[in-house]
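Here is the structure we will look at, set down as structure tokens.
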Amino acid sequence: MSDDDITERLAPGTAYLVGSGPGDRGLMTARSLELLATADVILYDKLIPDGALSDVREDAILVDVGKIGGGKQVPQETTTALVVEHALAGRSVVRLKGGDPFVFGRGGEEAQACAAAAVPFEVVPGVTAGIAASAYAGVPVTQRGVAAAVAFVTGHEDPAKPETQIDWPALAAFPGTLVFYMGVRQLPRIAEQLIAGGRSADEPVAIVQRGTYGDQRSIRGVLSTIAADAEAAQIKPPSITVIGPVAALHDELAWLDAARPLAGVTVAVTRARAQASALAARLRTLGATAIEAPAIRIEPLEAEVPDLTTYDLVAFTSPNAVDRFFALVRDARVLAGPTVAAIGPGTARALRAHGIAADVVPPRSIAESLVDALAEVPVTRALIPRAEEARDVLPDALAARGAEVTVLPLYRTVAEPLDDTARDAALGARYATFTSASSVRFFHAAAGTLEGPRIVSIGPATSAALRELGCEPDVEAEVHTPDGLVAALVADAAHHAQTSE
Ligand code: SAH
């Protein structure tokens with residue numbers, strides 16, 4: 001067996017105590033994603049990033065230990081017991097916890113239980129909320145000349161109770177930044193104790209709610225009045241409270257709004273699951289909450305690619321056609337002779353991944369534009385590998401020029417069932433995005449309506465499919481690529497925010 005044959009397999013019977021980071025999926029570690037993609041069992045918390053579980057194995061056992069039947073939290077002892085039981089049964093277990101597993105995450109107790117049961121375990125640190133939420137609010141928890149130390153403190157306990165584990169006078173005297181977790185409800189008492197212990201009433205404070213999530217909110221104030229400010233702003237858990245002069249840097253360094261034009265905006269992505277994740281990830285980077293509601297799936301068709309030595313043009317009209325084509329041929333040398341055309345940059349990229357640089361890529365990613373781009377290219381025999389249901393604009397135009405055209409259907413687009421949760425989430429989103437006519441038709445068929453979200457179309461063919469169903473798209477991308485669609489959506493969201501609020 002060579003190295004090539006080694007595929008990632010997790011050690012059976014091992015427990016992985018994994019931090020999911022504070023909420024932004026982009027802050028999950030590479031190791032956490034690797035483990036999630038291969039684990040047999042995943043026991044996850046309530047507070048994990050949206051889409052954290054989107055790449056798990058289809059047959060993985062997923063257990064939500066954040067709640068029982070929509071209600072109460074699963075007791076810690078039950079969760080710990082489950083980790084141990086699944087591991088002892090020989091399964092690889094990922095215990096996915098918000099933030100870092102060892103920072104107020106009870107990961108230490110789970111590790112102890114594993115050790116006691118002789119279950120091998122690994123710990124995968126995550127980005128902890130105290131640091132990440134602060135950073136996303138423009139607050140560095142240490143800063144040269146301002147704060148040389150930082151303390152993470154649980155705000156869970158009532159400081160007035162005699163059994164408090166926290167030495168409040170010592171904490172008040174701590175020479176650095178204080179970051180409170182779980183402290184929203186105790187805020188009045190916390191502020192009181194710290195002032196009583198000698199902290200200035202004017203000490204800067206920042207509170208960050210749902211830090212790094214799309215709907216992050218923060219407030220800034222001073223110690224003596226922060227509890228009232230938080231109450232007025234209806235600050236709710238999960239929030240962290242940062243106390244110290246660094247909190248004032250928020251006023252200067254808050255950067256999130258500029259970087260996240262889609263913060264707080266929900267966007268439904270209806271394209272096939274295989275392609276949805278890249279678009280969803282792009283939207284999330286811009287701050288959106290992306291809802292994956294795939295309406296279509298690619299179904300490969302039986303096909304045989306003819307001998308291409310007698311062809312002078314091969315025109316690809318989708319990345320899927322490229323991938324299917326290369327699944328059927330021996331290697332890229334079959335394309336050594338003919339001119340190779342791609343309908344757009346995505347298709348050209350797919351070709352490049354297989355070692356082919358497209359000779360012709362039209363300026364606009366639509367069949368009409370490809371026809372124009374091919375006007376000067378001599379064509380006698382053309383092969384068009386594509387979807388079964390694609391439009392005939394290109395074959396018809398080439399045939400009209402006297403070329404002999406072979407259309408080679410390589411896949412068909414079929415409906416992906418849409419469950420009620422995905423349907424409701426998609427229809428409740430601010431935007432729904434459509435990147436093909438078939439996703440329009442299948443989504444409409446599955447959802448029964450296109451009403452609710454603002455409708456974003458990637459281009460004219462998709463818009464035509466929308467109009468056939470009586471739906472005028474609210475936004476049509478000028479550049480007919482996923483990036484173009486995202487740009488059009490961002491422009492619309494900016495405009496909308498200005499005009500509606
Ligand atoms: N292990 C986690 C903390 C779990 S305790 C970590 O390392 O981050 C739960 C508390 O963490 C919440 O009450 C809140 O104070 C804080 N928290 C978790 N996620 C947060 C977020 N996205 N924004 C602000 N605070 C968060």
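Quick rundown of the values:
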{"item": "With all protein chains modelled, accessible area of Tyr181 [1.4 Å, Å²]", "result": "20 Å²"}
{"item": "Number of Lys pairs (Cα under 24 Å; 8 or more positions apart or on different chains) in the chain", "result": "10"}
{"item": "Inter-label distance for Glu34 and Glu77, nm, one decimal - labels placed 7 Å from Cα along Cα-to-Cβ", "result": "3.7 nm"}
{"item": "Computed label-point distance, nm, for sites Val407 and Ala11 using a 7 Å Cα→Cβ extension", "result": "5.7 nm"}
{"item": "Additional length obtainable on full extension of the chain from Thr380 to Val414, 0.36 nm per residue less Cα span", "result": "8.9 nm"}
{"item": "Accessible area per residue, Å², the chain with all protein chains present, probe 1.4 Å", "result": "47 Å²"}
{"item": "Mean shadow area of the chain over all directions, Cα convex hull, nm²", "result": "29.3 nm²"}
{"item": "Val146 - accessible surface, heavy atoms, 1.4 Å probe, Å² rounded to 10", "result": "70 Å²"}
{"item": "Translational D in µm²/s for region 345-501 (Stokes-Einstein at 4 °C, 1.567 mPa s, Kirkwood Rh from C-alpha pairs)", "result": "74 µm²/s"}
{"item": "Asp331-Arg273 pseudo-label distance in nm [points 7 Å out on the Cα-to-Cβ vector]", "result": "3.3 nm"}
{"item": "Area of Met182 that stays accessible when all protein chains are in place (1.4 Å probe, Å², to 10)", "result": "90 Å²"}
{"item": "Exposure rank, largest accessible area first [Val56, Val124; 1.4 Å]", "result": "Val56, Val124"}
{"item": "Radius of gyration and maximum dimension Dmax of region 131-259, Cα, Å", "result": "13.6, 46"}
{"item": "Sulfur and carbon atoms: percent of accessible area, the chain [1.4 Å]", "result": "53 percent"}
{"item": "For Leu62, residues with placed amide H under 5 Å, excluding near neighbours", "result": "Ile42"}
{"item": "Region 131-259: relative contact order as a whole-number percent, Cα under 8 Å and 6+ apart", "result": "34 percent"}
{"item": "Residues in region 469-500 reached by a label modelled at Val393 [backbone nitrogen below 20 Å; 7 Å Cα→Cβ]", "result": "469-486, 488"}
{"item": "Kirkwood Rh, Cα atoms: Rg over Rh of region 11-127", "result": "0.92"}
{"item": "Within region 393-501: Cβ-based charge dipole about Cα centre, in debye rounded to nearest 20 (Lys, Arg +1; Asp, Glu -1)", "result": "240 debye"}
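The values are calculated or read from the model by the stated rules, or taken from the named source; none is laboratory data. The model shown is predicted, which means the values in this text are computed figures rather than measured ones. Please note: Cβ atoms are built from the backbone with ideal geometry, for glycine as well, and neighbour counts cover all protein chains shown. Note: accessible area is taken over every heavy atom of the protein model, side chains too, but ligands, DNA and RNA are not part of it. Shrake-Rupley method; radii C 1.70, N 1.55, O 1.52, S 1.80 Å.
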